[in-house]
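Worksheet for the structure shown next.
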Amino acid sequence: MQNRRTFLKAAVLSASIAAIGGLSSSAWAADTIKVGVLHSLSGTMAISETALKETALMTIEEINAKGGVLGKKLEPVVVDPASDWPKFAEKARQLLSQDKVAVTFGCWTSVSRKSVLPVYKELNGLLFYPVQYEGEELEKNVFYTGAAPNQQAIPAVEYLMSKEGGSAKRFVLLGTDYVYPRTTNKILRAFLKSKGVAEADIIEEYTPFGHSDYQTIIAKIKKFAGEGKKTAVISTINGDSNVPFYKELGNAGLKAKDVPVVAFSVGEEELRGVDAKPLVGHLAAWNYFMSVKNPENDKFIKMYRDWAKKAKLPKADTVVTNDPMEATYVGIHMWAQAVEKAKSTDTDKVIAAMAGQTFKAPSGFTLKMDETNHHLHKPVFIGEIKADGQFNTVWKTKGPVRAQPWSPFIPGNESKQKL
Amino acid sequence: MKRLLLLISLLLCVGRASAALDPVVMQGLASDDFDGKQAAVAALAAAGDDADAQRLLKALSEDAVAVAGGRLVIVAGEQLLDPASGAPIKPAPASPESISLNNSLRQQVDGALAAVRLLSTDRGERLTAARALLADMGEGAALLPLFDKALAREQDGEIKPFLVQLAAQAALGSPDVARRLQAVRDLAGSGSPAVKALLLPLLDPANEPEEKLRLEAGTAIKAIDARLAWSDTAGQIFTGISLGSILLLAALGLAITYGVMGVINMAHGELLMVGAYSAYTMQALFRAKFPEFVDYYLLAAVPVAFFVAAAVGMLMERTVIRHLYGRPLETLLATWGLSLVLIQAARLLFGAQNVEVANPVWMSGGVQLAENLSLPWNRLIIVAFSGFVLLLVWLMMNKTRLGMFVRAVTQNRPMAGCVGVPTARIDTLAFGIGSGIAGLGGVALSQIANVGPDMGQGYIVDSFMVVVLGGVGQLAGAVWAALGLGVVTKFLEGWAGAVIAKILVLVFIIIFIQKRPQGLFALKGRFVD
């Protein structure tokens, strides 16, 4: 009896330690600036978000090594909302009211961002959101360092329709069932219509989060593509569902030259879990690729590799960098610059100081935070997957593009184009 | 593609192009500009008969062309070759940066290579080329003279049908009515959706003035449709069976622990997870210790997963569940707690992120049964594996002394105890076997789904669904319920999408259980309480 009780106790204890293990508020020097890191470290989104936590910690350490901000060290507060959307709001509230963080870097899915928004508005917090998203949002308390639809989705579809991209005439819009894919596909459908694509030449398909059986959908894509005209798939599948999706795609023998798949949420990190050989030639659109060649990027990649070794990440020798990691890195640096400029961590003063901040980013361009719309001006890259899981840039914009958070392809947004 | 075909046909009319590759045009390959690259590839394709051009095309298709020191080179191992002559360059320029093609250029290069290879003297090469062209090419009207030439030369019975079809596809645009008619007839035997797509425009009088031809095209499309419909349905049924086999593997263990023993085990999903992590561990072990046998790690993972999961299950039974027999509510809560403990334990041991479990080579790819029907090996093997596990369970339950005891305890516990069956030990063993089978299910799941600490959560509802639908206490019920749910889900998915299909299936089960609480098959007899 005694044994069992101790065993249970130990089990419960270890479970609770594990649950709060991420909460490493170790005792730092008294005068620090607390910075929240709000990313899922478990659950379906952990495949994508864990690397962002690591990037945030690395960047904070880099800033601290250079003397911190306003002469104070930054102190990261890491929480794990476990891919559970209501938990995001709960953890955000904890960060703001209990830990009193000056700023939070976090969220990946739009549903998690929507979940924390009311908290940041109510407590006047500051959130940096590092992932491409569907737009249709502009909050005073949020800075969006990922791409708006016109910085990713629209150029990617234009590329597919061009001669260079294979002159696609029919489109399968495939996504996970939540706000980002639904809204993106609404914008894309309106965009395709404006380009003269018929309603019958577009199908939309959605799957739940964590879906792992893509047989029916692949069969459907094959059938749709078999009805004549060049077909392309636009995938807004998020999280670990991408692994079974690409596995099935490879097994079913659907080659990129027959039906190219362009993904908006698949980067180097997601491809680490898959054998990329059957996927060669499928595409992704981002604002940064690890394969981009420039000194800033070399520095960034080396810094992350060193960090991975130091932090003893699993498979530290094969770590990769990707677009949301770059956006996190840029976001943290811009915030630090804005705090220096405002000489305060006060939310409203920092928001004012953020306008027009610039930073020389690993993508090889100097990115600017727009004066009014809280979005970065970003370059767009389209890459094809190579056998080693990296991307080969096949198309890019000449320079950074200004974001249009309110897509002109959604009716009712006409008056918001100046934002 | 059109442009390339035009160039090839021009080349065929004019005869051999000049052997020299124009260095100015070739330099286009090194540029960042798509049009420059395309012009270069088109020029290469036009000179496709030329050995130098072929060498460069081949190098392009193998991603072996690079720019070094401002000039174009072919990378061959350590050496850098001059693309025009094929001679090694000495001294080799430093740091060659490979140029890569995008999809449409790669398609052009492959098309050019395949078209030239149709005339090759090597049979295998001709066959691959014909297959590749058939899979890749649309109508290709401009290539008709080349196909006719190849067809006239071809003696091989296996390659000829491909060429006939290629020529027929190309001849659809021919000005000669008889030729077009013959082409449509040749294509009627095809089962390919691509051919159907080529024939569809012929139904429109604007594209096809001949009435006779339009009718013929209509019949051909009907014939192709009939064949496509057959393989479509076959494909759908297979995906249903495949999903059913996975549900069965997930639920079979539960059919014993819940169905036969009446324990509501909320940690069942975590036993699947234990099995999947066993497969992962075996993979890591094989990679580290026996790299030459790494493709067979799964065979070793099967017994390991069974015994690890069985051990975990027996431990659970001994420490927690046995004290709660007859108290379903407490069992439910306690096992739910156990499931959380197991999830956290996996997080501590393996990390919170999903781990990568690779398909062995023999489970990758698929068998092509028809043009639009290919069955992936991993799914086929899992279907067979679930049949194998089912057979083992049936033998165990019906042909062994242990199975007889388990059945006796299920049917009447006090009476079984009275005649000397050690009921407590039987409980532990039966629970262990149920858990072990869940472990086997986990190995199968590791091959198609993501392996992570909370992977089991997604299967617990499905497993209970199968067991309850099939009828508690019945293995046969679980089999029918799993296959039925699999096929129904897949047909609904095809019709209404994955999200709606999931909802419809749940609604169906709720209604079914309301009308028939005992499930598909019910135990009959007075001993059932």
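Over all directions, the average projected area of the alpha-carbon convex hull for the stretch B:235-515 comes to how many nm²?
16.1
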Next on the checklist: Quick check for you: which residues of the stretch A:50-71 have the amide N under 17 Å from the point 7 Å beyond the Cα of A:K309 toward its beta carbon?
Outcome noted: A:58
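So which helices of chain B fit the span-like rule, where a helix is a whole DSSP H run, its Cα atoms reach 30 Å or more along the axis, and its mean Kyte-Doolittle is at least 1.0?
Details: long enough: B:211-254 (64 Å, 0.73); B:268-289 (32 Å, 0.27); B:297-319 (32 Å, 1.58); B:328-350 (32 Å, 1.33); B:377-399 (32 Å, 1.45); B:423-448 (38 Å, 1.03); B:475-496 (31 Å, 1.28).
Sorted by number, the helices that extend far enough and score high enough are B:297-319, B:328-350, B:377-399, B:423-448, B:475-496.
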Item to check | Residue mean of other protein chain beta carbons inside 10 Å, B:494-500 | outcome: 5
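Rounded, prolate or oblate: which one fits the stretch B:121-209, using the alpha carbon gyration tensor with axes a ≥ b ≥ c (rounded when a/c is under 1.5, else prolate when a/b beats b/c, else oblate)?
Details: a/c = 2.23, a/b = 1.75, b/c = 1.28.
Judged from the Cα gyration tensor, the stretch B:121-209 comes out prolate (a/c at least 1.5, a/b above b/c).
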Checklist entry - With each label point set 7 Å from Cα along the Cα-Cβ vector, what nm distance links B:Q27 and B:E330? => result 8.7
Checklist outcome for this item: Stokes-Einstein D for chain B (20 °C, 1.002 mPa s, Kirkwood Rh from Cα pairs), in µm²/s, comes to 77
Checklist entry - If r is the Cβ-Cβ distance from A:K277 to B:W362 and R0 is 25 Å, what FRET efficiency results, to the nearest 0.05? => result 0.95
Item to check | Additional length obtainable on full extension of the chain from B:E211 to B:Q518, 0.36 nm per residue less Cα span | outcome: 104.3 nm
Next on the checklist: Starting from the 7 Å offset along Cα-to-Cβ, what nm value, one decimal, do you get for the label separation of A:T366 and A:A198?
Outcome noted: 5.1
Checklist entry - Taking chain A as a Gaussian network, Cα atoms linked when under 10 Å apart, which of A:E49, A:E164, A:E268 shows the biggest mean-square fluctuation? => result A:E164
Item to check | B:G456 long-range amide H proximity, modeled H, under 5 Å | outcome: B:M273
Checklist entry - Between B:A288 and A:T318, what is the label-to-label distance in nm when each label sits 7 Å out along the Cα-to-Cβ direction? => result 1.6
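B:K58 to B:A76: extension gain in nm, 0.36 nm per residue of separation minus the Cα-Cα distance? Provide the component values of the computation, followed by the final result.
Values: separation 18, 0.36 × 18 = 6.48 nm, distance 1.18 nm.
Additional length available on full extension: 5.3 nm.
If you take the alpha carbon radius of gyration of the protein assembly as shown and divide it by 2.2 N^0.38 Å, what ratio comes out, to two decimals? If you can, show how the numbers build up before the last one.
Values: Rg = 30.8 Å, N = 948, 2.2 N^0.38 = 29.8 Å.
The reported ratio for this selection is 1.04.
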Item to check | Between the stretch B:150-164 and the stretch A:182-202, the Cα center-to-center distance that results, in Å | outcome: 44
Checklist entry - How many partner chain Cβ atoms sit within 10 Å of a residue's Cβ in peptide B:446-458, on average, as a whole number? => result 5
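What is the calculated FRET efficiency for A:K169 to B:M404, with r their C-beta to C-beta distance and R₀ = 51 Å, to the nearest 0.05?
After rounding to 0.05, the efficiency reads 0.20.
If you take every residue apart from B:I99 with its C-beta less than 10 Å away from the C-beta of B:I99, what net charge results, scoring Lys and Arg +1 and Asp and Glu -1?
Numbers: positive: B:K37; negative: B:D32, B:D63, B:E97.
With Lys, Arg at +1 and Asp, Glu at -1, the neighbours total -2.
Given R₀ = 56 Å, FRET efficiency for B:L119-B:A496 by Cβ-Cβ distance, to 0.05? Display every interim value, and only then the final one.
Values: r = 51 Å, r/R0 = 0.90.
For B:L119 and B:A496, the calculated efficiency is 0.65.
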Next on the checklist: Quick check: convex hull over the Cα atoms of the stretch B:63-112, volume per residue in Å³, rounded to an integer?
Outcome noted: 83
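Would you tell me the mean number of C-beta atoms belonging to other protein chains that fall within 10 Å of each C-beta in A:241-248, as a whole number?
On the way: counts 2, 1, 6, 3, 0, 0, 9, 4.
That average works out to 3.
Near A:F171, within a Cβ-to-Cβ distance under 14 Å, what is the net charge of the other residues, with Lys and Arg +1 and Asp and Glu -1? Present the calculation step by step, with values, prior to reporting the outcome.
On the way: positive: A:K169, A:R170, A:K186, A:R189, A:K193, A:K195, A:K220, A:K229, A:K230; negative: A:E158, A:E199, A:D201, A:E204, A:E205, A:E227.
In short, +3.
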Checklist entry - What does the charge count near A:K378 come to, summing +1 for each Lys or Arg and -1 for each Asp or Glu among other residues with Cβ under 15 Å from its Cβ? => result +1
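Tell me, what is the percent relative contact order of the stretch B:121-209, built from C-alpha pairs under 8 Å that lie six or more residues apart? Mind showing how you got there, number by number?
Numbers: 68 pairs, mean separation 22.9, N = 89.
It comes to 26 percent, rounded to a whole number.
List the trypsin sites (Lys or Arg not before Pro) within the stretch B:347-428 that DSSP assigns to loop and that have no more than 10 neighbouring Cβ atoms inside 10 Å.
Numbers: sites: B:R347, B:R379, B:K399, B:R401, B:R407, B:R425; in loops: none.
Within the stretch B:347-428, no trypsin sites (Lys or Arg not before Pro) qualify (loop, at most 10 other Cβ atoms within 10 Å).
Every number here is computed from the coordinates shown, using simple stated rules; none is lab data. Worth saying up front: this structure is predicted, and the values here are computed from it rather than measured. Glycine gets a Cβ as well: all are built from the backbone with ideal geometry, and neighbour counts include every protein chain shown.
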